[in-house]
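Values in this text are rule-based calculations from the coordinates and carry no lab data. Only a predicted model underlies this, so the values are computations on that prediction, with no experimental measurement involved. Neighbour counts are summed over all protein chains in view; Cβ atoms, including those assigned to glycine, are modelled from backbone coordinates with ideal geometry.
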Amino acid sequence: MSSSCRLLLLIVIVHGSTPWPLTPIRHVNVPFLEDLGRWAVSLHTSQKNGLLAFDKLVSARKQRDHKGSYYNLTINAWNRTNKIHEYRALVLIEEHTKKTELLSFHSARLGLAA
Ligand SMILES: *[C@@H]1O[C@H](CO)[C@@H](O)[C@H](O)[C@H]1NC(C)=O
Ligand SMILES: *[C@@H]1O[C@H](CO)[C@@H](O)[C@H](O)[C@H]1NC(C)=O
């Protein structure tokens with residue numbers, strides 16, 4: 001195997017195992033994406049018995065792989081102290097089942113619980 005061929009194989013393997021990096025979405029003020037953000041906030045709130053209320057979607061990145069479409073959302077939400085705080089949610093919409101899954105949800109500020 002030539003070295004360039006080996007390099008290509010390596011890139012394919014690395015790329016296949018990880019869906020990152022995600023491509024930025026330019027226009028996030030569309031109902032589909034806002035609903036996804038709102039859904040992530042309310043699911044997190046019901047799972048963690050938290051007290052967050054969706055404010056707006058700040059930015060979004062998307063990536064597809066064999067499992068489906070991943071959305072990395074940056075969301076502004078009202079937190080329990082009634083302040084707007086930034087959160088990150090990772091959502092997967094499965095290709096075959098069309099099921100929506102919340103893979104992660106956390107404060108955008110490191111070390112702060114959601
Ligand atoms: C989501 O995007 C933020 C930046 O907007 C980045 O810091 C974070 O690592 C991303 N998460 C994933 C899982 O790609
Ligand atoms: C709520 O949001 C404010 C503003 O971002 C932040 O300073 C505070 O630490 C947050 N509180 C909690 C409990 O997340």
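The table below gives the values:
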item: Residues satisfying the stated conditions in region 71-100, i.e. in a strand (DSSP E or B), within 8 Å of ligand 2 (Cβ to nearest atom), of a type outside the set (A, V, I, L, M) and over 16 Å from the mean Cα position of the chain (by Cα); result: His85
item: Residue ID - nearest to Ala40 (Cα to Cα), chosen from residues in region 101-114 that are outside any strand (DSSP E or B) and not aliphatic (A, V, I, L, M); result: Arg109
item: Subset tally (residues that are farther than 18 Å from Thr45 by Cα, touching a Ser or Thr at 6+ places or on another chain (Cβ under 7 Å) and either among the polar types (S, T, N, Q) or away from ligand 1 (no atom under 14 Å from the Cβ) (or both)) for region 56-82; result: 2
